[in-house]
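Below is one structure, written out as structure tokens, with a few remarks after it.
The values are calculated or read from the model by the stated rules, or taken from the named source; none is laboratory data. Worth saying up front: this structure is predicted, and the values here are computed from it rather than measured. Cβ: placed from backbone, ideal geometry, glycine included. Neighbour counts: every protein chain shown.
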Amino acid sequence: MVFSSTTFVFFFLPACLILYLLLPGNKAKNIVLLLFSLVFYAWGEPVYVILMVLSILMNYFVGIFMERIPEWRKFILITGIVLNLAVLGFFKYYGMVIDLLNGITGLQLKAHGLPLPIGISFYTFQALSYVIDLYRKKFNVQNNLFRFALYITMFPQLIAGPIVRYEEVEKQLEQRTVSFENLGKGMGRFIFGLAKKVLLANLLGALFERSGFQLGTTSVLTAWIGLLGFGFQIFFDFSGYSDMAIGLGKMFGFDFPENFNVPYASGSVTEFWRRWHMTLGTWFREYVYIPLGGNRVKAWRHALNILIVWGLTGLWHGAAVNFLLWGLYYGLLLLFEKYVIFRLKHWPKVLGHFLTLLAVFLGWGLFLSNSFGEVASVFGNLFGLSGGALYDREGLNLLLSGGILLLFGAAFSLPVMKKARIWMEEKELLLLVFVSIALLFLSIAFLVTENYNPFLYFRF
Amino acid sequence: MKKAKTGTKIYIVYGVLCLAVLMFGGVLHLLSPDRTYSPTEKRNLASAPELNFNTLTDGTFMSHTENYVADQFPFREFWMSLRMNALYTVGTRESKGVTYNSDGTLSEPYQGYDEELLQETAAALNGFVSAHGFEQAYALIVPTASELSKEALPPYAANESERAYFESLSEALSGDFRVFDVFPTLEEMKAEGKQVYYRTDHHWTTDAAYRVFRSLSEETGWIPGEYTEMTVTDRFSGSLASKSGFTVPRADGLKIYRNRNESLYSLLSYGNDGEIRGGFYDFDALGADNDPYTVFFGGNFPLITVRTTADTDRTLLVFKDSYANCFLPFLEESYKEIVIVDPRYYADRAADLFLQKNYTDFLCLYNVQTLSSDTNLKMILAEE
């Protein structure tokens with residue numbers, strides 16, 4: 001199931017909330033939430049829900065064994081990590097590996113083409129955070145299977161994050177503030193996220209699709225409109241979904257970590273990755289970068305660490321070479337910033353901001369391409385190398401019909417918008433209520449009628 | 001402190017209010033009866049999903065439920081128009097290939113044609129006509145609204161020339177064909193301020209069809225006749241409105257022309273053994289939940305055979321698209337028999353039309369856009 005559907009908003013969510021709020025006691029509430037979360041997941045994956053249940057059981061027992069057999073802790077940890085990665089690797093990367101092998105060796109091995117279970121990248125990473133941090137003795141083992149299952153499956157963050165590390169919610173599983181006040185706060189946040197997704201992301205995505213600049217030859221104008229459309233789509237899509245997740249969590253009394261912090265206002269690529277998909281960056285830092293030595297090593301080793309982490313970050317986004325390249329692209333940029341740019345004395349902020357946006361959006365060009373042919377089309381069109389004109393009728397048409405939307409996209413990416421939301425939440429509540437009801441209304445209009453409703457980070 | 005308490009109270013009220021709204025929406029949805037058909041969108045609406053082990057495990061129950069909940073949402077038309085108004089406000093003037101023009105009309109801008117398909121269609125027509133030896137073979141290829149209103153189209157909308165297609169096709173058709181250039185006639189009609197095309201539908205108006213008919217009657221020998229005009233509905237919302245979701249300020253009226261000749265009567269038989277109907281008009285089409293344009297012939301059918309009481313021996317074979325539907329009734333007095341074939345639906349062989357029959361005249365009646373992308377016509381004509 002997805003949050004941006006009438007089924008979720010008008011049936012699933014109210015039913016869950018009513019039961020949750022009515023039943024007394026934390027235990028009952030946890031059970032309600034767990035059951036609804038399983039239904040939520042099974043709705044989208046009626047068969048692979050079993051895989052997730054097995055993953056939960058496996059990680060639960062890894063924790064239990066680590067506790068009960070302390071002499072074998074390290075071995076159990078490694079087993080747990082390997083099993084989790086094996087499952088993720090098999091379902092996600094098997095096809096890619098086979099294709100690479102075929103390409104290198106000329107064999108014709110068949111890739112079984114398994115469909116990717118929804119959310120597997122997210123819940124596997126969450127399970128890993130539990131297992132690894134348990135080993136590091138950051139908390140005690142979770143003896144209650146149902147509480148552990150709730151941690152993994154909680155539907156607000158199950159399918160698309162934020163990636164919630166176990167230590168962030170450990171206490172909340174047992175004790176949290178469930179109140180109508182939190183219900184209201186959560187609703188406000190949820191509706192903002194819904195509006196971002198349905199009003200901004202979907203429409204900007206349609207602009208990108210219309211441009212078709214990754215497919216054939218287009219004018220430079222068309223290409224840049226398409227690229228901007230995609231760049232804004234993915235931001236509003238993903239940050240909107242995170243807003244909805246955080247809002248939903250709040251309705252149930254949970255405080256989830258923020259995932260986006262006005263990333264398009266960044267003055268450097270380094271800063272960008274501290275503002276975009278923050279929980280993923282934190283995860284990689286905690287569980288890969290720091291164990292590798294982080295930056296407390298010689299420069300060459302540090303560079304290697306960065307490249308490994310960013311290669312993996314790229315691959316996490318998708319099992320294809322373009323994602324790997326996208327990750328490495330950022331790894332190289334980050335190294336360049338650290339060892340070259342940041343050593344310069346004078347670095348005008350505006351230039352930094354502009355170059356960062358340029359780097360990020362060109363990065364999206366790599367991200368959105370599904371093949372080398374598409375990469376060639378994308379960059380050929382963007383820089384006028386593929387024979388397209390500077391502008392043409394199609395591009396002007398797109399500009400006229402999508403220009404205002406792009407302006408909205410840019411406006412809502414500004415820091416002032418986030419400040420406005422927080423200001424409304426804290427000071428001008430009546431205005432917040434009014435704005436959010438209006439947004440809900442408008443969002444319903446699009447939910448009811450729009451068939452084009454993809455979620456880009458869905459298959460990760 | 002006080003501010004905090006007020007804030008808390010507002011959040012509480014707001015939370016409960018939102019939950020109540022969502023609950024209310026769900027309950028309202030459950031209580032409202034299901035609709036089977038949407039007249040505004042001209043499609044069937046999703047029905048309640050089937051629940052069994054199979055549909056659960058392959059996920060079809062879930063996707064059907066989602067479609068069902070969206071399709072049967074209460075006040076669907078209201079939400080749709082809210083959405084279109086919002087899109088219009090941010091500059092959307094084109095939706096699903098339909099443009100919202102500055103003169104408050106909808107049309108489909110012409111995207112151009114494939115030269116090879118044009119040549120193949122012409123060749124098929126030429127071959128067909130020379131093989132069957134008609135006394136007259138007519139080609140009536142009609143432009144659509146966007147051709148005549150290029151200045152009203154949104155800026156930078158596609159605006160390939162339909163005339164270019166027409167001229168290319170005319171050249172490719174053999175000397176057997178009388179090709180009618182009705183572009184000037186329609187442009188003249190438009191210049192007079194008359195309505196040539198519907199504002200919400202891709203068809204030409206009955207008035208336009210009549211105008212063209214009259215302009216050709218001398219050349220063809222068709223009997224002009226005398227007619228009474230009747231507006232059968234003044235709230236016609238046509239195909240382009242349904243397709244795009246745009247609503248225009250002024251609705252369309254739909255007219256039919258009744259021949260005043262009392263002794264003139266027609267029997268229509270549908271298909272080979274199908275229904276028999278008296279007259280060209282299906283007035284059930286004007287009921288609620290129906291597409292009013294199907295008042296002509298009841299819609300598009302693979303094969304319709306019209307037998308008239310006209311005092312003539314001439315017979316006509318027509319290959320057409322829906323533009324012919326409002327035009328062909330004008331030929332009632334000029335032919336004893338009219339056989340109407342719609343290649344999009346006709347599944348038999350063209351040769352079957354000539355069993356025990358011959359035709360004096362042949363007519364190919366299409367609008368430019370449909371013909372320039374149609375592959376069915378050449379397929380049916382070309383087979384031996």
- Query: Out of all the residues in the range A:420-430, is one or more in contact with a Leu (Cβ under 9 Å, 6 or more places away or on another chain) and away from every other protein chain (no Cβ under 14 Å)?
  - Reply: yes
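If you check A:Leu396 against the conditions, is it modelled with pLDDT of 95 or more and under 16 Å from A:Leu227 (Cα atoms)?
Against the criterion (modelled with pLDDT of 95 or more and under 16 Å from A:Leu227 (Cα atoms)), A:Leu396 does not qualify.
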- With the checklist (1) at pLDDT below 90; (2) small (Gly, Ala, Ser); (3) under 30 Å from A:Val433 (Cβ atoms) in hand, flag the one item A:Ala201 doesn't pass. (1)
- Message: Please determine whether any residue of the range B:76-87 is farther than 24 Å from A:Leu442 by Cα, at the interface with chain A (Cβ under 9 Å from one of its Cβ atoms), surrounded by 16 or more Cβ atoms within 10 Å (Cβ to Cβ) and without any contact (Cβ under 8 Å) to a residue 24 or more places away in the chain.
- Response: no
- Checking B:Met84, B:Met23 in turn, the sole residue that is in contact with a Ser or Thr (Cβ under 8 Å, 6 or more places away or on another chain) and not in a loop (DSSP other than H, G, I, E, B) turns out to be B:Met84
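Go through the range B:57-75 residue by residue and tally those that are more than 8 Å from chain A (Cβ to nearest Cβ) and closer than 18 Å to A:Ala445 by Cα.
Number satisfying all stated conditions: 6.
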- Message: For the range B:172-184, give me each residue that is under 22 Å from the mean Cα position of the chain (by Cα) and part of a helix (DSSP H, G or I).
- Response: B:Phe183
- Item | Of residues in the range B:145-171 being under 25 Å from B:Leu125 (Cβ atoms) and in a loop (DSSP other than H, G, I, E, B), the one nearest to the other protein chains (Cβ to nearest Cβ) | B:Glu160
- So A:Gly352, is it in a helix (DSSP H, G or I), within 14 Å of chain B (Cβ to nearest Cβ) and small (Gly, Ala, Ser): no
- Task: Name the strands (runs of 3 or more DSSP E) wholly inside the range B:271-384 in which the number of residues that are farther than 20 Å from B:Arg178 by Cα and more than 22 Å from the chain's Cα centre (by Cα) is 1 or more.
- Result: B:276-278, B:303-308, B:337-341
- Quick one: is A:Glu394 touching a residue at least 24 places away in the same chain (Cβ under 8 Å) and within 14 Å of chain B (Cβ to nearest Cβ)? yes
- Task: Under 7 Å between Cβ atoms, at least 6 apart or on separate chains: pull out the pairs that start in the range B:278-294 with a residue that is within 19 Å of B:Tyr323 (Cα to Cα) and in the same structural domain as B:Asn325 (by TED's automatic domain parsing) and end on any residue that is small (Gly, Ala, Ser) and part of a helix (DSSP H, G or I).
- Result: B:Asp291/B:Ala285; B:Pro292/B:Ala285; B:Thr294/B:Ala285
- Note on the structure: Across (1) closer than 16 Å to A:Glu258 by Cα; (2) at pLDDT below 95; (3) within 14 Å of chain B (Cβ to nearest Cβ), A:Phe180 clears everything bar (1)
- Task: Report, by residue number, each residue of the range B:88-110 that is within 11 Å of chain A (Cβ to nearest Cβ), assigned to a loop (DSSP other than H, G, I, E, B) and either on the phi < 0 side of the Ramachandran plot or among the aromatic types (Phe, Trp, Tyr) (or both).
- Result: B:Val90, B:Thr92, B:Arg93, B:Pro109
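Here are A:Val340, A:Val309, A:Val321: which of them is on the phi < 0 side of the Ramachandran plot, among the β-branched types (Val, Ile, Thr) and surrounded by fewer than 16 Cβ atoms within 10 Å (Cβ to Cβ)?
Answer to the selection: A:Val340.
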- Query: Is one or more of the residues making up the range A:402-419 in a loop (DSSP other than H, G, I, E, B), within 11 Å of another protein chain (Cβ to nearest Cβ) and touching a residue at least 60 places away in the same chain (Cβ under 8 Å)?
  - Reply: no
- Query: more than 9 Å from every other protein chain (Cβ to nearest Cβ) and either touching a helix residue (DSSP H, G or I) at 6+ places or on another chain (Cβ under 7 Å) or assigned to a helix (DSSP H, G or I) (or both), is that true of B:Pro33?
  - Reply: no
- How many residues are in contact (Cβ under 8 Å) with a residue 40 or more places away in the chain, of a type in the set (Ser, Thr, Tyr) and in a helix (DSSP H, G or I) if we restrict to the range A:1-37? 3
- Task: Considering every residue within the range A:267-280, establish whether at least one is closer than 22 Å to A:Val97 by Cβ and surrounded by fewer than 19 Cβ atoms within 10 Å (Cβ to Cβ).
- Result: no
- Mind checking which residues of the range B:186-239 are more than 18 Å from B:Ala324 (Cα to Cα), among the hydrophobic types (A, V, I, L, M, F, W, C) and either without any contact (Cβ under 8 Å) to a residue 40 or more places away in the chain or part of a helix (DSSP H, G or I) (or both)? B:Met189, B:Ala191, B:Met230
